[in-house]
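Undergrad: Sending over a structure as structure tokens; questions will come in a sec.
Where a number appears in this text, it was derived from the coordinates with a stated rule and is not lab data. Note that the structure is a prediction, hence the values are computed from the model and not measured. A quick note on method: Cβ atoms are made from the backbone with ideal geometry, for glycine too, and the neighbour counts reach across all protein chains shown.
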Amino acid sequence: MGTFVKVARVGEVAPGAGKLVEVAGKQIALFHVEQKYYALDNTCTHAGGPLSEGYIEGLEVACPFHGAHFNLATGQAVLPPATQDVACYAVRQQGDDIEIEV
């Protein structure tokens with residue numbers, strides 16, 4: 001079991017958007033979708049695109065480079081060209097703080 005680390009405050013990530021955060025030397029994409037927060041590794045497994053800059057479609061993020069889709073809740077690669085999943089992190093809201101478990 002990891003440790004939860006504060007990475008943002010409520011209001012810093014617009015609904016339907018992502019933000020790059022760095023935690024324990026890792027680049028993580030933090031998303032705010034449907035009143036929940038999700039966190040995935042920021043790097044697409046296909047060509048290294050920054051997922052934090054991708055566009056949201058339902059509960060998926062599409063890589064801005066080649067359009068590979070990843071499930072926000074699981075990190076599963078759900079649409080090619082990516083075939084490998086990305087790491088997914090637990091996220092919690094503590095008051096106005098958004099925390100990721102690393």
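Undergrad: Of everything in the range 38-93, what is of a type in the set (D, E, K, R), surrounded by 18 or more Cβ atoms within 10 Å (Cβ to Cβ) and more than 20 Å from ALA8 (Cα to Cα)? Give them in sequence order.
TA: GLU60, the sole residue that qualifies.
Undergrad: So which residues in the range 31-58 are part of a strand (DSSP E or B), more than 15 Å from ILE100 (Cα to Cα) and either touching an Asp or Glu at 6+ places or on another chain (Cβ under 7 Å) or not β-branched (Val, Ile, Thr) (or both), if there are any at all?
TA: From the range 31-58, those part of a strand (DSSP E or B) are 31-33, 36-41, 43, 50, 55-57; that's our starting set.
With more than 15 Å from ILE100 (Cα to Cα) added as a condition, the list becomes 33, 43, 50, 55-57.
Correct list: PRO50, TYR55, GLU57.
Undergrad: Hey, any hits in the range 14-21 for a residue that's surrounded by 14 or more Cβ atoms within 10 Å (Cβ to Cβ), part of a loop (DSSP other than H, G, I, E, B) and free of Cβ contacts under 8 Å to residues at least 60 places away in the same chain?
TA: Within the range 14-21, not a single residue is surrounded by 14 or more Cβ atoms within 10 Å (Cβ to Cβ), part of a loop (DSSP other than H, G, I, E, B) and free of Cβ contacts under 8 Å to residues at least 60 places away in the same chain.
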